[in-house]
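The values are calculated or read from the model by the stated rules, or taken from the named source; none is laboratory data. Keep in mind the model is a prediction, meaning the values are calculated, not measured. Virtual Cβ from ideal backbone geometry, glycine too; neighbours counted across all protein chains shown. Remember, those area values only see protein heavy atoms, side chains included, never the ligands or the DNA or RNA. Shrake-Rupley method; radii C 1.70, N 1.55, O 1.52, S 1.80 Å.
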Amino acid sequence: QVQLVESGGGLVQAGGSLRLSCAFSGRTFARYDMGWFRQAPGKEREFVAAFYWYDTADIADFMKGRFTISRDNAKNTVYLQMNSLKPEDTAVYYCTARAGSSNWNYWGQGTQVTVSS
């Protein structure tokens with residue numbers, strides 16, 4: 001069974017940076033698409049970024065230029081580098097994984113990111 005554990009969230013001032021990590025275990029990491037979603041209070045969960053098993057990344061348009069996703073297959077870890085953070089980036093950030101499906105099947109517990117103005 002796939003397990004995902006996020007880390008790296010916290011409180012940061014506007015304009016600051018954070019790097020989120022997601023440790024993957026239970027299956028062959030390199031065969032999985034990995035993604036990040038976020039959910040702010042009172043809002044629906046939204047796509048942030050994905051790094052697909054075939055070595056292609058995708059970032060939501062409104063985050064391009066500030067967020068970067070990467071993965072280290074040797075460490076079974078995916079990262080989300082977040083720069084120039086804004087108060088509206090405040091949310092719980094979730095790591096997710098999928099293999100051979102259009103649906104994101106596996107989810108971590110989430111990590112809180114709070115950006116103060």
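Tabulated data for the structure shown
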| quantity | calculated |
| --- | --- |
| Computed label-point distance, nm, for sites S25 and D55 using a 7 Å Cα→Cβ extension | 2.8 nm |
| Of all accessible heavy-atom area on the chain, the percent that carbon and sulfur account for (1.4 Å) | 45 percent |
| Cα-Cα separations in the stretch 16-64 greater than 15 Å, expressed as whole percent | 58 percent |
| Chain lengthening between S101 and V5 when straightened (0.36 nm per residue, less Cα-Cα) | 32.5 nm |
| Residues of the chain: accessible area per residue with a 1.4 Å probe, Å² | 53 Å² |
| Separation of alpha-carbon centers, the stretch 59-117 and the stretch 1-29, rounded to whole Å | 7 Å |
| Translational D in µm²/s for the stretch 10-117 (Stokes-Einstein at 37 °C, 0.692 mPa s, Kirkwood Rh from C-alpha pairs) | 234 µm²/s |
| Packing-based order for 20-27, 75-82, 90-97, using average beta carbon neighbours within 10 Å, highest first | 90-97, 75-82, 20-27 |
| Rounded to whole Hz, the Karplus (6.51, -1.76, 1.60) HN-Hα couplings of the stretch 45-58, x for glycine and proline | 5, 10, 5, 10, 6, 8, 10, 7, 4, 8, 6, 10, 10, 9 |
| Stretch gain in nm, segment S117-A14, where the contour uses 0.36 nm per residue and the Cα spacing is subtracted | 36.6 nm |
